[in-house]
Amino acid sequence: ASVRPEDFIGIHFFSPVDKMMLVEIILGEKTGQAAIAKSLDYILKIKKTPIVVNDSRGFYTSRCFSTFLMEGMAMLEEGYAPALIDNIGRMTGMPRGPLEMHDDVALDLSYKIAKQTALDLGDKFVPAEGADIVAKMVEGGRFGRKNGMGFYDYASKPKTIWPGLAELAPTTKGIDGPEEPGAFAQIDEMKTRLLYRQAVEVARCWEEGVIDDPREADLGAILGWGFAPWTGGPITLIDQTGLSKFVETCDRLTATYGDRFKVPQLLRDMAAKGETFYGNFEGAQKVAA
């Protein structure tokens, strides 16, 4: 609709704006270099860190971050206790567990996004894990931390799990005691699911051309949504795990939990060639030089 499409650009801040250092610049189909340059200058002047991405539903950061919340909801639906899910979420190196983070983002926002996405995608729409649980909570007036009622009740200090959640998502699974040989394997499996679900979505963004610089992908993940900093970011996680091993693990997760862990063909091709994201990027830099 713009009469000057070369000047059209998206600038995505993160909440809370005063604390979050990342700003995501989203390009339109015809965005010109002058608009990009001015946006970068502006963001640097307000002392924040920019990354540049192409357009996608949820852009890059929100799209990938949402998978952390959804995998937490999948675990809740499977019967794992809310406190266990969040504790294991923190054990991955994420700043908060997926249910805590969902409360922070706001449940009613997730609910509204899902309704709009369903309208936009029509028959292609696939409901997110736990969508029914979130809908019932929102319809019951539980919007998250902002109104003091979400997966947690915030009136008490410290916050406590909302007792009514047990009716919507009964706890039927647990982790064996530390003396049981399977306990650590269960914990590692849940940690792997939470991290790999995000990394797979990052790889999909790469294949679709939403991102094309491994440094910006990693930086955006760590500064934008707190992706486990110890990993170096999702692209570094994939590279250092080894693409063949990462694909092998994702294939096992896909067979066990579903297509949400299905890797894009790009990763299979790179694994077959023994390539890495940073290796390819460094090679491209040398050729350009």
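Coordinate-derived values only; no laboratory data. What you see is a predicted model, and the numbers here were worked out from it, not measured in a lab. Note that we place each Cβ from the backbone using ideal geometry, even for glycine, and neighbour counts take in every protein chain shown.
Descriptive notes on the structure:
- Computed E for ASP123/VAL17 - FRET, C-beta separation, R0 51 angstrom, nearest 0.05: 0.85
- Computed Rg/Rh of the chain, alpha carbon atoms with Kirkwood Rh: 0.98
- Sequence-separation-based contact order of the chain, relative, with Cα cut under 8 Å and 6+ spacing, percent: 17
- Backbone HN-Hα couplings from phi across the stretch 52-67 [Karplus 6.51/-1.76/1.60, Hz, Gly and Pro as x]: 10, 9, 8, 6, 6, 5, x, 6, 9, 5, 5, 4, 6, 4, 4, 5
- Here the Karplus curve 6.51 cos²θ - 1.76 cosθ + 1.60, taken at θ = phi - 60°, turns the phi angles of the stretch 79-86 into couplings of x, 6, 5, x, 5, 5, 4, 5 Hz, with x standing for Gly and Pro.
- Given R0 = 25 Å, the distance between the Cβ atoms of LEU44 and ASP7 translates into a calculated FRET efficiency of 0.85.
- The chain - mean residue ellipticity at 222 nm from DSSP helices (-39,500 (n - 2.57) per run, n ≥ 4, rounded to 500): -17000 deg cm²/dmol
- DSSP bridge orientation in the chain - percent antiparallel, rounded to nearest 5: 55
- Pairs from LYS38/LYS245; LYS48/LYS245; LYS112/LYS245; LYS191/LYS273; LYS136/LYS191; LYS47/LYS273 whose Cα-Cα separation, in the structure shown, is over 30 Å: LYS38/LYS245; LYS48/LYS245; LYS112/LYS245; LYS47/LYS273
- As a rough footprinting exposure proxy, the listed residues VAL247, VAL202, VAL126 were ranked by other beta carbons within 10 Å of their own, and the order from fewest upward is VAL126, VAL247, VAL202.
- For the stretch 46-116, averaging the sequence separation of C-alpha pairs within contact (under 8 Å, six or more residues apart) and dividing by the residue count gives a relative contact order of 22 percent.
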